[in-house]
Amino acid sequence: DDIVSDDPLDKEKDEYGLYRWERGRDPLPEFADMALCYGGHSARNPRIWDKGRFRKTAVYTDEKGQDHWFFDSMLMLEIWDDNYNVTYSIANDGKESSRKHHWTRFLDYWFDSRYGFQALDDCIAEAASEIGTPPSPRYVVVSIPDPVYFENYSSGVSGKNRNTVYWGEIDGVKMDFSRMDHRLEAYRWYIDQVRERFAQKEYRYIQLLGFYIISESLSMQGGWRYEYKQHEELIPMVAEYCHSVNEGLYWIPYNVSDDDPGHNKALKNWKRFGFDLAVLQPNYYWDNKDWAVTCDYINRYDMGMEFEFEGSHGYSTSILGNSASAKTKKARFTEYMENARKYGIYGKRPIVLYTGTNALYELATSEVQSDKDLYYEFGDFIISSPLKSR
């Protein structure tokens, strides 16, 4: 399909319940790389994704000043909102579980007419007029909040606040999240909300690719508090629904655990959950994890690889600047590129970038020479991947 479309039927489902971009997806489109875009937390700084901010994720300007299409795809996600003391994931931190109106607020943020998806589409349109139409749509993936069993998970599992009817209604029925079918119904409601809103907006250059399960650890049978998660049963049903409408389902778990064999089992068996891709977090930027073990998992279990660094917003581990800490972190980040090449991951498996609040933009616009050098090294690494030519 053309990237730019004026087809008035784009807003409507066909007889099979599919929107225009979902038709003929067999198989699903694949991406070479993806950038994580956190947004929706009321206290984030910066709070919004506007056209200028997206530019540094969508377009790479090399050392000679030449522009290139940068990341193929982007993941829009959020973990919590401190202003409302709610979490979008299963968390043991005392926050209340998010409700239907919080889920809606998250979607309102991304589907705003001034920023979010609209700003990304406008950014791509502007860049296309300068450097030519991108070789494929720029794909977006949207995170799905967890329909958490209890109103407050941490107190619920300990015997307090065991309320499970707190989220809201669907078609006049109050959801009771002690019931797996109601949790599945909430997932389906949210997926359809995203699809419908995406169709109504008629974006020109961006295309919905699918959805993201936000929990970084999924319990296999017998895992900690499994009876309140039941991921092994529930997530495959979510995947089945996504695939029924030709949308993908994705997961980015944290690294191999030294003390949780159930987590490691889930890593090895991620395809049993129905995911189209799992991307492993090396966590090396902070935790000095073993590269051989990490990359063996990535290769053996057919996973993608996440790259990780932080920016200047309150992080003592910032990669920016010329401080001793920044130099150490820059050196550590280059090991991501080195080991992706060393272990045969580069050019064969997708790369996903986590950069904290606004770190990629800060790196791209920094006046510090060491920041510029790292930006050019990483930018060249991304745009030169053989996966880009698929």
Qualifying residue in the range 177-200 (condition: among the small types (Gly, Ala, Ser) and either at pLDDT below 95 or over 19 Å from Ser98 (Cα atoms) (or both)): yes
Residues of the range 147-181 classified as assigned to a loop (DSSP other than H, G, I, E, B), at negative phi and in contact with a strand residue (DSSP E or B) (Cβ under 9 Å, 6 or more places away or on another chain), total: 11
The one condition in (1) touching a Ser or Thr at 6+ places or on another chain (Cβ under 8 Å); (2) open to solvent by 10 Å² or more (accessible area, probe 1.4 Å); (3) of a type outside the set (A, V, I, L, M, F, W, C) that Tyr153 fails to fulfil: (2)
Count of residues meeting criterion [open to solvent by 40 Å² or more (accessible area, probe 1.4 Å) and modelled with pLDDT under 95] in the range 294-316: 5
Contacts under 6 angstrom Cβ, first residue in the range 155-170 being within 20 Å of Glu185 (Cβ to Cβ), partner open to solvent by less than 60 Å² (accessible area, probe 1.4 Å) and not in a loop (DSSP other than H, G, I, E, B), 6 or more apart: Trp167/Lys100; Gly168/Lys100; Ile170/Trp189
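The values are calculated or read from the model by the stated rules, or taken from the named source; none is laboratory data. Quick caveat: nothing in here was measured; it's all calculated off a predicted structure. Glycine gets a Cβ as well: all are built from the backbone with ideal geometry, and neighbour counts include every protein chain shown. Ligands, DNA and RNA are stripped out before the accessible areas are found, and what is left, the full protein with its side chains, is counted by its heavy atoms. Shrake-Rupley method; radii C 1.70, N 1.55, O 1.52, S 1.80 Å.
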